[in-house]
Every structure is written in structure tokens, then in C-alpha cells.
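Enquirer: Can you read through this structure? Questions will come right after.
The values are calculated or read from the model by the stated rules, or taken from the named source; none is laboratory data. Please read all numbers here as calculations on a predicted model, not as lab measurements. In this analysis, Cβ positions are derived from the backbone assuming ideal geometry, glycine residues included, and neighbour counts consider all displayed protein chains.
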Amino acid sequence: MILVTGSAGHLGEALMRTLLASGRDAIGIDLKTSPFTTRVGSIVDRAFVSHCVRGVDAIIHAATLHKPHVATHSKQDFVDTNITGTLHLLEEAVAAGVRTFVCTSSTSVFGRALTPPPGAPAAWITEDVVPLPKNIYGVTKLAAEQLCELFHRTRGLAAIVLRTSRFFPEPDDRKETRDAYDDGNVKANEFLYRRADIEDVVGAHLLALERAATLGFGRYIVSATTPFTHDDLQDLHANAHAAVIRRVPGYVDVYARRGWSMFPRIDRVYVNDRARRDLGWEPRYDFTRVIELLRAGDDPRSPLARAIGSKMYHAETFAEGPYPVE
């Protein structure tokens, strides 16, 4: 039996859809009711967690307060959900004899390490880069990762941390980006360096379940495979088009037909080499695949991404955009 936390969210629903479609036994828990939520409750409630983990073999912990909640929730809310909730799951998992724990983290933990100074090349982001969280979201996600590592080291729990890049379909939080680019243009550009399709993200989680016992513990970046190498980093931060046309020249005419454009600068590149090596992960969606699909007149999103659609992060709407930014 597999327990999925956050089953009403983007990733939680995607995991539940995929697990159930493959005939796996899975239960979903969330604060919100949904077609994929088996039990409604909070991971902050230790008794609720204890009840939910009984008879469970593995946990995929996708529940979290996200970056969009930074401006609408208190720092204590983030600590309660992202740290205390994770601790409850880990402690009850060990007590119940759960064998495997997969924790969804975020590339946001890298924080200030993602922004190189003026004149410097773009940042090449691997798991070896030291995280420098810049908000309470990043701080609490990093703390949750460290709890997973602690429980592996002291209690022998097989725990894998997946640092996922963007996979949500909501509009960009930056007004200047929304004003300057079509939403599809933004997301296509991001597949070069900081986006993944949710189908591939789910695939990484399921492989982590399979490999956890052998790996014991590990942190992995989960993002679309970039076409860039170290040799492109200087151009990326000064003139991204020059680097992109060198690696994926076919993008130019596809973009021209749509009136799209490349970002002038790209400040970081997420590198998924370790996840592909250790997990055997083979993501299907990258910038080249997106260009091929667009050229054929097809939707560049996976069927799973289309099925889930947009959920937004708040019940209310905001005058300044899809969600307020701290």
C-alpha cells in the first residue's frame, strides 16, 4: 500500500491517477476533498497521520505549503506544515514499519545560489550546489530534507528527496513576464532550464520508490534535460538566444510563426544527470520535444498534464496577478 500526501494538489493527483491506473493500492490524504483523496485531514495532526500510515509500505510525501502561499500564510504555518508535518510522517512511518519514504522538495531550496552577479555566467545547478534559501518556503523545504536524511541515518529509513523544478500550469507570478510573453511562450522557454512535465515528475517519484532500498538516501534534481553544457553558460546570462540557437536551431521558425521570443537572459540551468544515472529516470519532455510537438501543431503538454489542468493555489483572486508575491 502506498500513501500519497497532498492528493488534491497537482502532483498528488497525478501520482494517484497513475498509481490507480496501474492497479497499485494507494490512498490519498489531503486537507481538501477531491476525487483522489481517500482521507481528509492534516499532516499537522499527529493522530490523523498515525491512523493513515497503518498498513502502509511506502509514503510519497507531496503535501506542502508552496511559494505562492508565502504572502498569504504565516511563517508559523510553513513551519507547522512543511517541517512538523514531515516530522510526524517520518516518526509514524518508522513506528508503523514503513519501508520507503519519498519526499517532494523543490529547487527553491537553492534560493540565492540561483542568481549569479552581473557579468558572471549562468549558474550550473547540481545537487552539489549549497542551498541558500531566500524565503520561509525554501527554509522549511530544506529542513524537511534534512529530517529525511536524519531518519535514514539514525533509524534506517530508506528516504529519497526529489527537488522538483516548475511543473504547475498557472501563469508566471512576475507581472513583467506575464505582460511581455504569451504564457505558452514562457513555459516553452522554461523547459530549457527550469521546468518539467508532470508526467516525468511522476515517473521520477515512482522510480524513487523502486530504488530507495538500494540507494538508502539521496537528493535529486528533477527537471527536464537541458540541451546546454558549461560552454553555454556565459552566453546564457548575456545573450540566451545565441546559446539556444547553437543547441536547438529548429526553435527559431517555430517561435517566429507564433510570434514568440526567447528570454534575453537565463540565469541558471538545472542539471538532472544524477537523477537519470541513479534512478534510471528518462524524462520524455524537454525543449526539443516541445519544439517538435509545436511544429506538428500538437499540444506540448503530456496527456496527464492536460487531464489535471490548473488548480490555482488560493480560493480567492488577486488584483495584482495569480497570487501575491512577497
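Enquirer: How do the helices (runs of 4 or more DSSP H) wholly within segment 1-93 filter down when requiring 3 or more residues that are over 21 Å from Ser105 (Cα atoms): which remain?
Expert: 46-52
Enquirer: Check Pro169 against each of (1) surrounded by fewer than 22 Cβ atoms within 10 Å (Cβ to Cβ); (2) touching a His at 6+ places or on another chain (Cβ under 7 Å) and name the one condition it does not meet.
Expert: Against the list (1) surrounded by fewer than 22 Cβ atoms within 10 Å (Cβ to Cβ); (2) touching a His at 6+ places or on another chain (Cβ under 7 Å), Pro169 comes up short only on (2).
Enquirer: Only one of Leu147, Leu162, Leu90 is under 23 Å from Leu31 (Cα atoms) and either out of contact with any Ser or Thr (no Cβ under 9 Å at 6 or more places or on another chain) or surrounded by fewer than 17 Cβ atoms within 10 Å (Cβ to Cβ) (or both); which?
Expert: Leu90
Enquirer: Sort through Asp253, Asp278 and tell me the only one that's part of a helix (DSSP H, G or I), under 21 Å from the mean Cα position of the chain (by Cα) and not aromatic (Phe, Trp, Tyr).
Expert: Checking each option against the conditions leaves just Asp278.
Enquirer: Also: Out of the residues in segment 178-196 meeting the condition of being part of a helix (DSSP H, G or I) and of a type in the set (Lys, Arg), tell me which one is nearest to His241 (Cα to Cα).
Expert: Ranking the qualifying residues of segment 178-196, first place goes to Lys187.
Enquirer: Looking at Val98, is it buried (at least 19 other Cβ atoms within 10 Å of the Cβ) and in a loop (DSSP other than H, G, I, E, B)?
Expert: Judged against the criteria, Val98 is a match.
Enquirer: Being under 20 Å from Ile308 (Cα atoms), modelled with pLDDT of 95 or more and crowded, with 19+ Cβ neighbours inside 10 Å, is that true of even one residue in segment 66-80?
Expert: No, segment 66-80 has no match at all.
Enquirer: Sticking with this one: Residue under question is Val49, and the condition is that it be among the β-branched types (Val, Ile, Thr) and either under 18 Å from the mean Cα position of the chain (by Cα) or under 20 Å from His205 (Cα atoms) (or both); does it hold?
Expert: Judged against the criteria, Val49 is not a match.
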